[in-house]
1. In nanometres, what is the gap between the two model label sites at residue 362 and residue 415, each 7 Å from Cα along Cα-to-Cβ?
2. Which FRET efficiency value, to the nearest 0.05, do you get for residue 534 and residue 377 by plugging their Cβ-Cβ distance into 1/(1 + (r/R0)^6) with R0 = 60 Å?
3. At a threshold of 8 angstrom on Cα-Cα distance, excluding pairs fewer than six apart, so keeping six or more, what relative contact order does the range 220-283 reach in percent?
4. Just grab the label-to-label distance for residue 218 and residue 527, each label 7 Å out from Cα along the Cβ direction, in nm (one decimal).
5. Of the cross-linked pairs 499/545; 174/338; 158/262; 346/545; 250/429; 262/429, which ones have a Cα-Cα span greater than 18 Å in the structure shown?
6. Once the piece of chain linking residue 607 and residue 289 is laid out straight, how much longer is it, given 0.36 nm per residue of separation minus the C-alpha distance between them?
7. Just the accessible area per residue of the range 524-569, please: how many Å² with a 1.4 Å probe?
8. Identify the residues of the range 346-371 with backbone N under 19 Å of a label point that sits 7 angstrom from the Cα of residue 330 along the Cα-to-Cβ direction, or state none.
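The values are calculated or read from the model by the stated rules, or taken from the named source; none is laboratory data. Note that the structure is predicted; figures quoted are calculated from it, not measured. So basically every Cβ, Gly included, is an ideal-geometry build from the backbone, and we count neighbours across all protein chains shown. The area values use the complete protein model at the heavy-atom level, side chains included, leaving out ligands, DNA and RNA. Shrake-Rupley method; radii C 1.70, N 1.55, O 1.52, S 1.80 Å.
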Amino acid sequence: MIQLHSNHYVMAGLFWVVTAFVFSIQAQDKNPDLQRELTLEKEYSPNLRDANKLNRLPDTKEPEAPKTQVEFSNYTLDPVIPPYFQKLGAINYFPGFADSNQRGYLTAGFGTLLNIDIDAGYQILQSETDRFSIFASHRLSNGQVSYLQRDSIKGKMKINDNGIGMDFSHRFGKAILSADAQYTYSAFNYYGFPPEWQLFMYFEDEDAPLPEYNFSTNQVNNLLKTHLGLTSIETQDLNYRMNLTYTLLKHQSSDVVEVAGKTENRMILDGNLNTHINATTGIGTDAAIKTYFYRMPDDLRYDKSFLKFRGNTNYVTFTVNPYLTFDGDVWDVRLGVKGDIQLGGKNKFVPSPDIRFRWRPSDPVLLYLTAEGGIQDNSAYNSYYENRYVNPLYRITDSRSPLDATLGITFSPINAWGVDLFSGYRWVKDEHFYSNDWCYYFPAKEVTQLSKVGQKILPLYADAQVFQLGGSMKYQYQDKFDFSLKLIYNDWNITENPKDANGSPISERIAPNQPVFTGDWNMGYKISTLPLRINLNYHLETGRKAVEMGSTVIRMKDIHDVNAAALWTFNENLSVFVRINNLLFQKYDLWYSHPAQGFNGMIGVNLKF
């Protein structure tokens, strides 16, 4: 049963008192000549997944190379390079690139701790009907990190990620054909600190010397994603969208280096059909089929039942989502129902609502409500972009959400200043969390040689309810000054102690690694007398807890991450930047026992051609 604590009612009540106050003030403003800049509708669109990051650490994005005025992507692609040590989204080091007539770009940064970031792309074909571009990215890191668990021990976080891709679209008649592909080669080490420096050994000789722990052994993941899509150009007649997507993830190694890892193949067919019943009413349906196939190497030392028990089983998911849409003068609404059924995995049926409502009572005010749900796709491909250090023997179970809702209001009290206030609630079954694992060693008689493997992360599962209250604001004065602030409070209600894949519960009812408060503050300033722009940002996370080996609950250190960057623009096609990260010299874990890099800097160049 859904339950809310009494303090939730108090906070929700305060939230709506503020909302009513704002509405009453804004409703009195009927002057159409004010022409407020309602950047909120664009910058603070009521995107539920953006407003409710409830099931993971705040999403991070690697530096995205700026693009020409022509879109380089026709379909939403995953980041070519997944995040690794920076918690914050990258600053756009090349503002104004979207207005360029150049076809190509190159961004290259070289920093301390052997950090290298390179992004490049070129648009080979550009016309009214055809677009074709290629892009590539490289991320390298080989810097030393300090473990919070033991100050005297140092380790290295090693990353070598390389991605290439292409993007094509062709417009013919009343439809657009799009095709995308990207390949990523990712090498990294399991650098996490082992629990209490204990090693789980399978030696007959109890007096055998303890093997040296090895931080250097690399895992290699090969990832491929291809997409083919056909989308109609919207008319009053029947509109359609069809997408066929294939992803592959192959682990080079299993939980020991000498044994090959598994391969995941995922195929997604999704689409939409919609039409207008009349000028204000529409009808449509979304549908999708997702298939998952796992191939295990013959020499894997675990039997098939062991692997299936850890989520490595073939299955298929079907989704149907019929809906109606209604458009008024100052409001629009979508009313639908969604049904997800999974066959071969959990064999579950998940009904959920599909409700999206927006109402603009006055020019500067937008009130929105969303209520959705469904099955979250936790494929190995998707999980890699969330946490690459998960033990490759495990496939994280798909979570199921009967309700994922957000209620909020955006308004603009003065010109160029936008505010967004929202509250959210999410009810989820089999939500996944993370816990550190033992470090495993196996004797030479079982594999070709003694394995030295690092500390990996295990998934934990629990049913949960999450209440969220947050707000954000953004102000921009021309291109000279911009400021943004976002604060979010999360309250996790775990129904029972999280359990591992074997069904063994941990010692306490907590949400491991999940913050209670998160915050982001960003400020940028362009010096009018110089071609110089300075950016400063601060990221905050508090209240995180972790569990070690299922028994010891540990309060994780809060994150106070301050970063600065400066951009010097020589001309339209050339600029250089300097970036300094972790200005406060903070030590904190991204995941428990996996520390972030310390103070580091980078210099780089942006080139358009």
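1. 1.8 nm
2. Working: r = 40 Å, r/R0 = 0.67.
That pair, residue 534 with residue 377, gives E of 0.90.
3. 32 percent
4. 4.1 nm
5. Values: 499/545 16 Å; 174/338 29 Å; 158/262 22 Å; 346/545 29 Å; 250/429 28 Å; 262/429 26 Å.
Result: 174/338; 158/262; 346/545; 250/429; 262/429 exceed 18 Å.
6. Details: separation 318, 0.36 × 318 = 114.48 nm, distance 4.22 nm.
Computed gain between residue 607 and residue 289 is 110.3 nm.
7. On the way: 1990 Å² over 46 residues.
Result: 43 Å² per residue.
8. 357-369
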